[in-house]
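Working notes, beginning with the structure itself.
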Amino acid sequence: MPQLGERDLAVCIYSLGRLEYRDAELLSQLFARTAAEAERLLSIDLSNVVSGCAGLRVVPPLLLARVVEVAVRKMDDFDARGISTLLSSLSSVGWHDERLLHRAAHRLPLLVLDMNPRALCETAAAFSASRTWLAPTIALL
């Protein structure tokens, strides 16, 4: 695994999630390395990592905390699909972070017109499930 770059790690987690393939030892190594490399991931990679975790139905606390921490700082890099994937995937594993939701709420007015109906629904559902009612954001969606 040392030969994998940070983007390769994200793709592996995403792919394993799509396949719903769970190997505890492999996932443990992937999650640890990805958490360590999270700062170097692109916004789409951050979304894909969380989407993979949702597909696997696992909640690796260190990895998700690092992804959220980095996503908060890189929120301006997210496009419409990436932000909806990130929020809906985190919501589906029961991970809610108020800082992330507030940053996303400030970013959404710039992206909402680029969202397809599915992305709009997923984003609204993520805000609703978090119990963080940001009325202007929900109204916007």
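The values are calculated or read from the model by the stated rules, or taken from the named source; none is laboratory data. The structure presented is a predicted model; accordingly, all values stated were derived computationally and were not measured. Here the Cβ is made from the backbone with ideal geometry for all residues, glycine too, and neighbour counts use every protein chain on show. Protein only, heavy atoms only, side chains kept; ligands, DNA and RNA dropped before computing areas. Shrake-Rupley method; radii C 1.70, N 1.55, O 1.52, S 1.80 Å.
Just give me the residues in the stretch 45-93 being closer than 16 Å to ALA35 by Cβ and of a type in the set (Val, Ile, Thr), in sequence order. VAL49, VAL50, VAL58, VAL59, VAL67, VAL68, VAL70, VAL72, VAL93, listed by residue number. Close contacts from the stretch 120-136, counting a first residue that is at pLDDT below 80 and a second that is open to solvent by 40 Å² or more (accessible area, probe 1.4 Å) and part of a helix (DSSP H, G or I), with Cβ to Cβ under 6 Å and a gap of 6+ residues or different chains, come to THR132/GLU98.
When the criteria are applied in full, ASP76 meets the requirement of being under 21 Å from GLU122 (Cα atoms) and among the charged types (D, E, K, R). May I ask you to verify whether ARG131 is outside any loop (DSSP other than H, G, I, E, B), farther than 21 Å from ARG18 by Cβ and not hydroxyl-bearing (Ser, Thr, Tyr)? Against the criterion (outside any loop (DSSP other than H, G, I, E, B), farther than 21 Å from ARG18 by Cβ and not hydroxyl-bearing (Ser, Thr, Tyr)), ARG131 does not qualify.
The criterion of at least 3 residues that are open to solvent by 70 Å² or more (accessible area, probe 1.4 Å) is met, among helices (runs of 4 or more DSSP H) falling completely within the stretch 4-113, by 6-19, 24-37, 61-73, 98-111.
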